[in-house]
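Structure first, commentary second.
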Amino acid sequence: MIQPLSHLPHSQEDPATLAARFSDLAPPLNARQAHLEASRCLYCYDAPCVNACPSEIDIPSFIRNIHQDNVQGAAQKILSANILGGSCARVCPTEVLCQQACVRNNAHECAPVLIGSLQRYAVDNAHFSGHPFQRAATTGKRIAVVGAGPAGLSCAHRSAMHGHDVVIFEARDKAGGLNEYGIAKYKLVDDYAQRELDFLLGIGGIEIRHGQRLGENLSLSDLHQQFDAVFLGLGLAASKQLGLSDEQAPGLLAATEYIRELRQADDLSQLPVADRCIVLGAGNTAIDMAVQMARLGARDVNLVYRRGLEDMGATLHEQDIAKANQVRLLTWAQPQQVLLDDAGHVCGMRFSRTHLENGRLVIGAETFDLPADAIFKAIGQAFDDSALVDPLARELKRQDGRILVDEHLRTSVPGVYAGGDCTSLDQDLTVQAVQHGKLAAEAINAQLMLNVEAA
Amino acid sequence: MADLSIVFAGIKAPNPFWLASAPPTDKAYNVVRAFEAGWGGVVWKTLGEDPAAVNVSSRYSAHYGANREVLGINNIELITDRSLEINLREITQVKKDWPDRALIVSLMVPCVEESWKNILPLVEATGADGIELNFGCPHGMPERGMGAAVGQVPEYVEQVTRWCKTYCSLPVIVKLTPNITDIRVAARAAHRGGADAVSLINTINSITSVDLDRMVALPSVGSQSTHGGYCGSAVKPIALNMVAEIARDPQTRGLPICGIGGIGSWRDAAEFIALGSGAVQVCTAAMLHGFRIVEEMKDGLSRWMDSQGHANLQAFSGRAVGNTTDWKYLDINYQVIAKIDQEACIGCGRCHIACEDTSHQAIASLKQADGTHVYEVIDDECVGCNLCQITCPVQDCIEMVTVDTGKPFLDWNHDPRNPYHVTA
Ligand SMILES: Cc1cc2nc3c(=O)[nH]c(=O)nc-3n(C[C@H](O)[C@H](O)[C@H](O)COP(=O)(O)OP(=O)(O)OC[C@H]3O[C@@H](n4cnc5c(N)ncnc54)[C@H](O)[C@@H]3O)c2cc1C
Ligand SMILES: Cc1cc2nc3c(=O)[nH]c(=O)nc-3n(C[C@H](O)[C@H](O)[C@H](O)COP(=O)(O)O)c2cc1C
Ligand code: SF4
Ligand code: SF4
Ligand code: SF4
């Protein structure tokens, strides 16, 4: 139950319609399509697409494998660089990553190779009979991973592969992080996060303990003592606040909170739907929220941003998805006041018009009101400080609120590593988190094995 | 518009595009459709003595490119599997109905004088414009003492050609098999026998692929296979060379050549004509796309001729022959080097890795701040081999530019570095 929206009606659509609207946004390629698409790849050398993939997948090689009917070889190539290659194939904003860089995206060419779709094709159709990676001989080393999101899972898998034993401490009931709780439902369908998790755990040597929250029933000091290395993949558990009064009023909530419920719901027709709603923000989360609300049946969805379209974090591709779902993109408007009805429920929002003056955003005098049954905040996620409260945790150096790490994902505390959204490094993307986890595992392994040699 | 009509070995045709002797010319139904579509002539599917040949199933297989475009096909069909009588009757009727088109009859009978003496008057009686001797069919028939077996023995070629000239007044075109080491030997033999023209190439012995599950080559007949004849786009380079070899052979100078092998576009045809062909024949391209392809071939050829100021085919026929020579006469002092058009370059790195791994390390890969690479030719290292230009996916992105070496023309014959050089 989404408490702040308990006063709203449920979706009017029948379950079948809703199910269809939340099925695969980008349907998978069939064998023929994959072959045709693979044949478009030029098998570049020092390929720009690889350079643009945060997890450094050898794209020309896996595509050539697909083209030569070696789908398993293709999948193995992908997974060896990115163990969550299946979900990345579905959620990566390829239009700003690999496909943006593809030489066939050049102005003189037609269109980029559909790298994401091909990656999905390979991983989905590999049908391995067992787990495709072997664990090295056991080292006897134990590694604690906090957080079972993409970063933590990637670190765990690579560490297990190196022969270490891994325990993952996860606060929630399910592992997967935002793959399970955050990604738009139509991007990861059919319980993919859990299926991918099962596959990943197939390597062995990884134990997940749920209900373990760092800062609550778990301390970094203890982990540091009990394990040979600790990896923090905590994500960004807090949502940024607007700083307005009535921010707790029924009808106003964080987009991520709603999406979490949406993703877990067995019956979408039981979800509260705000027929008129406002989504505040400009990133992909805002788009996801607005589109999902529209697909649930809301007829009047406004995405409001205080700057212009060109300043939005959401990619053009994402903006197009929003427009195709009848989401209205309102720009140059800044929230001023939450409007409440007599019952104290949200009934709209007052905005001030904004504009630029000498490059600075200025809030003008003009205001307007937008009626709404609900307001969703998607103005960004923040690191949840309550995770880092024990003495050792407090020693961790921070940057912009997040955990400071070097390029080997080492924190300021020796033996403690961190990766993914909770660090100050790189973009907040699933694929980036996977890469961090992988690199951290390599750094941990190098350090532990160095210690072994020295001993 | 340029005049596409020709007179080839005394045979008139409204255009040089003929269908080669093969399934497209198997019977009246096909040939009439071809004439309706605009083909200038046909060489009727090879006739033989009764009883007619019997074919197997399946019959064709293909070699594919990356996009499943057919590069070449392979067939294990024999000559016509219909009776001589039916074929002759149809030929007579078609020629009567289409007097302006060239109708050539392809023949293959045993290598005995009697056989030729018997069949030739029957063919001549149809009103056909000429005969083509099929010495090339590389499968099935040789085991019966015909086809490639004849084409591979110069004395037989000469002998059979002479019989045909003796017992028939029609122009005789000798179709050559490429399954020999030096095509000129066969052409010279035909020439000695009195041939009015040669046509080439017939198909090349081949196996296109192997079914790795069933462990049988393709095409397969049940669990077995046999080699077949290869044709289509992939054989064009081989055919062009053979045509050029004959065209520039002093011993067969002036012998009309009908170019065959991998022709599918007006440009292919123009190339064969430039290397000395007076007409061309097409089989595979028509088999893949139907007879309608002749329309674009005719239109493209005449527009190109207009753009070049060629009023008719003689205007450029054989024009590239004189520029085709032996390696030893090439200018050793001539030098080209690759030049990359950075505007057109899409940064795929293929030129670099090709040159780096397999050629002369003459293309530098310069890493940029954003992680991409810029590729630059190192002029001093480039030998002008064309490999980068070939592997570059962008047409005209790499140009091979002539550099002025300041040195005079020098061929290997006269090069002092040649231990056997000619001293003047
Ligand atoms: C709504 C939304 C949509 C997104 N869509 C996309 C998309 O389409 N494509 C894309 O590439 N990226 C997308 N992202 C970003 C992407 O999901 C993240 O970058 C990625 O999940 C980061 O992985 P992570 O492992 O660092 O963190 P998370 O995925 O956040 O995982 C963190 C894990 O740690 C656990 N945890 C947190 N605190 C504690 C604690 N104190 N103790 C124990 N466990 C704890 C959490 O329960 C969670 O399981 C989206 C993000 C959001 C919010
Ligand atoms: C299925 C098939 C059957 C052929 N049968 C004959 C034939 O009976 N007589 C003959 O002279 N050539 C025959 N050929 C060879 C063609 O006439 C032609 O020489 C050859 O295919 C090369 O031309 P292309 O590349 O345009 O196909 C046959 C070719 C094919 C594909
Ligand atoms: S850049 Fe594009 S064409 Fe080149 S290897 Fe990558 S996917 Fe293939
Ligand atoms: S083309 Fe296909 S359908 Fe026609 S005869 Fe051959 S195999 Fe049969
Ligand atoms: S092969 Fe062509 S397109 Fe590719 S890098 Fe070289 S010059 Fe550029």
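The values are calculated or read from the model by the stated rules, or taken from the named source; none is laboratory data. The structure presented is a predicted model; accordingly, all values stated were derived computationally and were not measured. Because the Cβ atoms are built from the backbone with ideal geometry, glycine has one as well, and the counts that use them run over all protein chains shown.
Going residue by residue through the stretch B:112-120, is there one that turns out to be within 20 Å of B:Thr25 (Cα to Cα) and either within 14 Å of ligand 2 (Cβ to nearest atom) or touching a residue at least 40 places away in the same chain (Cβ under 8 Å) (or both)? Walk me through how you get there before you give the answer.
As a first pass, look at the stretch B:112-120 and keep what is within 20 Å of B:Thr25 (Cα to Cα): B:119-120.
Okay, now just the ones that are also either within 14 Å of ligand 2 (Cβ to nearest atom) or touching a residue at least 40 places away in the same chain (Cβ under 8 Å) (or both), so B:119-120.
Yes, the stretch B:112-120 contains at least one residue that is within 20 Å of B:Thr25 (Cα to Cα) and either within 14 Å of ligand 2 (Cβ to nearest atom) or touching a residue at least 40 places away in the same chain (Cβ under 8 Å) (or both).
For the stretch A:100-152, which positions are among the polar types (S, T, N, Q), under 29 Å from A:Tyr192 (Cα atoms), surrounded by fewer than 23 Cβ atoms within 10 Å (Cβ to Cβ) and more than 14 Å from chain B (Cβ to nearest Cβ)? Those that are among the polar types (S, T, N, Q), under 29 Å from A:Tyr192 (Cα atoms), surrounded by fewer than 23 Cβ atoms within 10 Å (Cβ to Cβ) and more than 14 Å from chain B (Cβ to nearest Cβ): A:Ser117, A:Asn125, A:Ser129, A:Gln134. Any residue in the stretch B:310-317 that is farther than 28 Å from B:Lys12 by Cβ, among the small types (Gly, Ala, Ser) and away from every other protein chain (no Cβ under 14 Å)? No, the stretch B:310-317 has no match at all.
Within the stretch B:380-424, track down each residue that is of a type outside the set (A, V, I, L, M, F, W, C) and either closer than 20 Å to B:Cys351 by Cβ or within 16 Å of ligand 1 (Cβ to nearest atom) (or both). Even if it seems obvious, please write down each step before you answer.
First, pick out the residues of the stretch B:380-424 that are of a type outside the set (A, V, I, L, M, F, W, C): B:380-381, B:384, B:386, B:389, B:391, B:393, B:395-396, B:399, B:402, B:404-408, B:411, B:413-421, B:423.
Within the stretch B:380-424, B:Asp380, B:Glu381, B:Gly384, B:Asn386, B:Gln389, B:Thr391, B:Pro393, B:Gln395, B:Asp396, B:Glu399, B:Thr402 meet the criteria.
Restricting to the stretch B:368-383, name every residue that is farther than 20 Å from B:Gln335 by Cα and away from ligand 3 (no atom under 16 Å from the Cβ). Let's see the steps before the verdict.
Filtering the stretch B:368-383 down to residues farther than 20 Å from B:Gln335 by Cα leaves B:368-375.
B:Ala369 - this is the single residue of the stretch B:368-383 that is farther than 20 Å from B:Gln335 by Cα and away from ligand 3 (no atom under 16 Å from the Cβ).
On inspection, A:Asp69 does not qualify as surrounded by fewer than 24 Cβ atoms within 10 Å (Cβ to Cβ), not aliphatic (A, V, I, L, M) and not assigned by TED's automatic domain parsing to the domain that holds A:Leu118.
If you go through the stretch B:222-246 and keep only what is within 16 Å of B:Ala197 (Cα to Cα) and in contact with a Leu (Cβ under 6 Å, 6 or more places away or on another chain), you end up with B:Met242, B:Val243, B:Ala244. On the basis of being under 15 Å from A:Ala126 (Cβ atoms) and within 12 Å of another protein chain (Cβ to nearest Cβ), does A:Asp46 make the cut? Here the answer is no, as A:Asp46 does not meet what is asked. Restricting attention to the stretch B:366-379, does a residue exist that is over 18 Å from B:Gly347 (Cβ atoms), away from chain A (no Cβ under 14 Å) and touching a residue at least 40 places away in the same chain (Cβ under 8 Å)? Scanning the stretch B:366-379 turns up at least one residue that is over 18 Å from B:Gly347 (Cβ atoms), away from chain A (no Cβ under 14 Å) and touching a residue at least 40 places away in the same chain (Cβ under 8 Å). Being closer than 24 Å to B:Asp357 by Cα and modelled with pLDDT of 95 or more is a description that applies to A:Ala47. The residue of the stretch B:69-116 that is farthest from the other protein chains (Cβ to nearest Cβ), among those that are out of contact with any Ser or Thr (no Cβ under 7 Å at 6 or more places or on another chain), surrounded by fewer than 22 Cβ atoms within 10 Å (Cβ to Cβ) and basic (Lys, Arg), is B:Lys96.
Across the stretch B:380-391, which residue is surrounded by the fewest Cβ atoms within 10 Å (Cβ to Cβ) among those that are of a type outside the set (A, V, I, L, M) and either more than 26 Å from A:Cys41 (Cβ to Cβ) or at the interface with chain A (Cβ under 10 Å from one of its Cβ atoms) (or both)? Spell out how you get there, then give the answer.
Our first condition is that a residue be of a type outside the set (A, V, I, L, M); within the stretch B:380-391, this holds for B:380-382, B:384-386, B:388-389, B:391.
Subset that is either more than 26 Å from A:Cys41 (Cβ to Cβ) or at the interface with chain A (Cβ under 10 Å from one of its Cβ atoms) (or both): B:380-382, B:384, B:391.
Working: B:Asp380: 7, B:Glu381: 14, B:Cys382: 23, B:Gly384: 17, B:Thr391: 17.
Here the residue is B:Asp380.
The number of residues in the stretch A:331-347 that are in contact (Cβ under 8 Å) with a residue 40 or more places away in the chain and over 13 Å from A:Ile375 (Cβ atoms) comes to 2.
Exactly one residue among B:Ala62, B:Ala66, B:Ala2 is within 14 Å of chain A (Cβ to nearest Cβ), more than 16 Å from ligand 1 (Cβ to nearest atom) and not acidic (Asp, Glu), and that residue is B:Ala66.
Within the stretch B:19-32, the residues that satisfy the criterion of being over 15 Å from B:Pro99 (Cα atoms) and not β-branched (Val, Ile, Thr) are B:Leu19, B:Ala20, B:Ser21, B:Ala22, B:Pro23, B:Pro24, B:Asp26, B:Lys27, B:Tyr29, B:Asn30.
Taking the criterion of being more than 9 Å from ligand 5 (Cβ to nearest atom), within 34 Å of the chain's Cα centre (by Cα) and in a loop (DSSP other than H, G, I, E, B), the residues of the stretch B:334-390 that qualify are B:Tyr334, B:Ser359, B:His360, B:Cys382, B:Val383, B:Gly384, B:Cys385, B:Asn386.
I'd like to know if the stretch B:93-100 contains one or more residues that are at pLDDT 95 or above and acidic (Asp, Glu).
Checked the stretch B:93-100: at least one residue is at pLDDT 95 or above and acidic (Asp, Glu).
For every residue, the table says whether it meets (1) free of Cβ contacts under 8 Å to residues at least 24 places away in the same chain; (2) not assigned by TED's automatic domain parsing to the domain that holds A:Leu330.
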residue	(1), (2)
A:Ala229	no, yes
A:Gly243	yes, no
A:Tyr258	no, no
A:Asp275	no, no
A:Ala282	no, no
A:Val304	no, no
A:Met312	no, no
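Which pairs do you get when a residue that is outside the structural domain of B:Tyr375 (by TED's automatic domain parsing), found in the stretch B:330-348, comes within reach of a residue that is within 16 Å of ligand 3 (Cβ to nearest atom) and at pLDDT 95 or above, reach meaning Cβ atoms under 6 angstrom, with the pair 6+ apart or on two chains? Cβ pairs passing all conditions: none. The condition of being touching a residue at least 12 places away in the same chain (Cβ under 8 Å), within 30 Å of A:Asn325 (Cα to Cα) and within 9 Å of chain B (Cβ to nearest Cβ) holds for only one of A:Ala38, A:Ala52, that being A:Ala52.
Listed by position, the strands (runs of 3 or more DSSP E) enclosed by the stretch A:181-282 that each have at least 1 residues that are touching an Asp or Glu at 6+ places or on another chain (Cβ under 8 Å) are A:206-210, A:252-254, A:276-281. Does A:Gln292 fit the bill of being surrounded by 14 or more Cβ atoms within 10 Å (Cβ to Cβ), assigned to a strand (DSSP E or B), out of contact with any Ser or Thr (no Cβ under 6 Å at 6 or more places or on another chain) and not charged (D, E, K, R)? When the stated conditions are applied, A:Gln292 does not pass them.
When the residues of the stretch A:162-213 are filtered to those that are without any contact (Cβ under 8 Å) to a residue 12 or more places away in the chain and either within 20 Å of A:Gln292 (Cβ to Cβ) or of a type in the set (A, V, I, L, M, F, W, C) (or both), which remaining residue is nearest to ligand 5 (Cβ to nearest atom)?
Within the stretch A:162-213, the subset without any contact (Cβ under 8 Å) to a residue 12 or more places away in the chain is A:190-191, A:195, A:198, A:201.
Those left that are additionally either within 20 Å of A:Gln292 (Cβ to Cβ) or of a type in the set (A, V, I, L, M, F, W, C) (or both): A:190-191, A:201.
Details: A:Asp190: 40, A:Asp191: 43, A:Leu201: 42 Å.
Ranking the qualifying residues of the stretch A:162-213, first place goes to A:Asp190.
Any chance the stretch A:378-386 includes a residue that's more than 11 Å from ligand 1 (Cβ to nearest atom), in contact with an Asp or Glu (Cβ under 7 Å, 6 or more places away or on another chain) and under 20 Å from A:Gln241 (Cα atoms)? Scanning the stretch A:378-386, I find no residue that is more than 11 Å from ligand 1 (Cβ to nearest atom), in contact with an Asp or Glu (Cβ under 7 Å, 6 or more places away or on another chain) and under 20 Å from A:Gln241 (Cα atoms), so the answer is no. Selection of the stretch B:304-318 for residues being out of contact with any Gly (no Cβ under 9 Å at 6 or more places or on another chain) and either among the hydroxyl-bearing types (Ser, Thr, Tyr) or free of Cβ contacts under 8 Å to residues at least 60 places away in the same chain (or both) yields B:Trp304, B:Ser307, B:Gln308, B:Gly309, B:Phe316.
So is B:Thr324 surrounded by fewer than 14 Cβ atoms within 10 Å (Cβ to Cβ), in contact with a Leu (Cβ under 8 Å, 6 or more places away or on another chain) and at pLDDT 95 or above or not? Judged against the criteria, B:Thr324 is not a match.
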